[in-house]
Amino acid sequence: MPKFTQVDVFTGELTRGNALAVVHAADELSDERMAAFARWTNLSETTFLLEPSDPAADYRVRIFTPHGELPFAGHPTLGSARAWLAAGGEPNAGHLVQECGAGLVRVRRDGGRLAFAAPPLRRGGPVDDADLAAVKRGLHLGDADVLDARWADNGPGWIALLLRDAATVLAIEPDFGALGSYKAGVAGAQPAGSDTAFEVRAFSDVVEDPVTGSLNAALGQWLIGDGLAPESYVAAQGTRLGRRGRVHVERDGDDVWVGGETVVGIRGEADLW
């Protein structure tokens with residue numbers, strides 16, 4: 001039976017981040033078996049670690065939600081890396097290289113945290129009026145609430161909105177029926193003197209995601225790139241869900257790195273054969 005690890009990501013305190021289920025040595029599992037197990041865990045994502053097909057990678061990961069497979073996602077990247085290292089994995093180079101549907105993703109150890117280099121956007125730029133109006137209806141936002149909006153799609157398909165402040169972010173009561181198939185992420189600046197720079201929330205697949213690496217990666221590329229955020233900042237996410245996610249975002253040269261603490265909560269075996 002393959003090893004099984006459950007990791008809490010973007011937190012140093014178990015139960016306060018975003019949980020990830022990880023199945024090790026999953027090369028012989030079928031697509032159908034992976035998808036069924038991801039539906040059963042009912043977490044936002046479940047990952048399966050396999051031997052890499054690219055010699056530059058340390059391992060390959062497949063990322064499943066209860067509804068389908070993703071080419072890339074952020075908290076599964078960090079959680080999978082933590083599970084792989086905790087199981088005795090040794091990177092071939094100074095940093096770890098993960099192979100996923102979006103290509104090769106570098107992961108580095110940053111003190112007590114892990115951080116990944118944000119992948120290029122699949123789609124960026126302004127959001128057209130019809131899409132923006134639909135997202136605003138789904139989140140019950142008025143024109144005055146939204147300062148700007150961008151496509152922020154690095155795999156999951158995010159539309160990102162910069163709101164007037166963190167209080168506006170926290171006040172959102174989403175209408176998932178009206179939001180439909182849109183995946184919406186919002187950010188708002190915290191008051192001066194706060195221990196984080198932005199409050200972030202993410203809405204997709206009729207749920208609110210507790211802490212979201214892919215969205216924060218795309219937000220960092222946009223906000224830092226356009227001078228709307230400092231070169232290094234910390235975002236809070238999960239507040240309305242009783243979580244305390246902390247996402248560390250930093251531009252280093254041409255890369256935006258997204259990191260956080262990770263906690264292994266469960267170790268065992270998954271009876272998947």
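The values are calculated or read from the model by the stated rules, or taken from the named source; none is laboratory data. In this text, all values refer to a predicted model and were calculated from it rather than measured experimentally. FYI the Cβ positions are ideal-geometry reconstructions off the backbone, even for glycines, and counts take in every protein chain you see. Just the protein is used for accessible areas: all its heavy atoms, side chains included, with ligands, DNA and RNA removed. Shrake-Rupley method; radii C 1.70, N 1.55, O 1.52, S 1.80 Å.
Here the average projected area of the convex hull drawn through the C-alpha atoms of segment 44-183 stands at 10.0 nm².
Note on the chain: with charges restricted to the Cβ of Lys and Arg (+1) and Asp and Glu (-1), its dipole about the Cα centre is near 440 debye.
Rolling a 1.4 angstrom probe over the protein heavy atoms with all chains in place gives the chain an accessible area of 42 Å² per residue. Taking the Cβ of D54 as the center, what net charge do the other residues with Cβ under 11 Å away carry, scoring Lys and Arg +1 and Asp and Glu -1? Computed value for this residue: -2.
Computed over segment 179-231, the alpha-carbon pair-distance distribution with 5 angstrom bins reads 4, 19, 26, 24, 16, 8, 3, 0, each value a whole percent. A simple packing score, the average count of other Cβ atoms within 10 Å per residue, orders the peptides 240-248, 5-13 as 5-13, 240-248, with the highest score first.
Compute log10 of I(q)/I(0) for segment 198-273 with the Debye formula, placing one identical point scatterer on every Cα and leaving out solvent, at q = 0.12, 0.15 Å⁻¹, to two decimals. Calculated log10 I(q)/I(0) at the listed q: -0.42, -0.59. Pairs of alpha-carbon atoms within less than 8 angstrom and 6+ residues apart define the contacts here; what relative contact order does segment 79-150 have, in percent? This gives 18 percent for segment 79-150.
Taking one quarter of the surface of the C-alpha convex hull of segment 1-119 gives a mean projected area of 7.1 nm². Listed values for segment 114-122 are Karplus-derived 3J(HN,Hα) couplings in whole Hz (6.51 cos²θ - 1.76 cosθ + 1.60, θ = phi - 60°), namely 10, 9, 10, 7, 4, x, x, 6, 7, and x replaces Gly and Pro. Remark: segment 85-150 projects, on average over all directions, an area of 7.7 nm² (convex hull of Cα atoms).
Estimated translational diffusion coefficient (Stokes-Einstein, Kirkwood radius over Cα pairs, 10 °C, 1.306 mPa s) of the chain: 85 µm² per second. In this simple spin-label model, placing a label point 7 Å from the Cα along the Cα-to-Cβ direction at both D110 and R267 gives a separation of 2.6 nm.
Only Cα pairs under 8 Å and at least 6 apart count here; give the relative contact order of segment 34-84 as a rounded whole percent.
34 percent
For the chain, the relative contact order works out to 23 percent when only alpha carbon pairs closer than 8 Å and six or more residues apart are counted.
Take every DSSP beta bridge whose two residues both sit in the chain; close to 80 percent of them are antiparallel. What a 1.4 Å probe finds exposed on segment 1-102 is 47% carbon and sulfur by accessible area, rounded to a whole percent. Of the residues E261, E250, the one with the largest accessible area comes first in the ranking E261, E250, computed with a 1.4 Å probe on protein heavy atoms. Summarised as an ellipsoid, segment 1-44 has semi-axes of 23, 12, 7 Å, derived from the eigenvalues of the Cα gyration tensor scaled by 5 and square-rooted, with the largest first.
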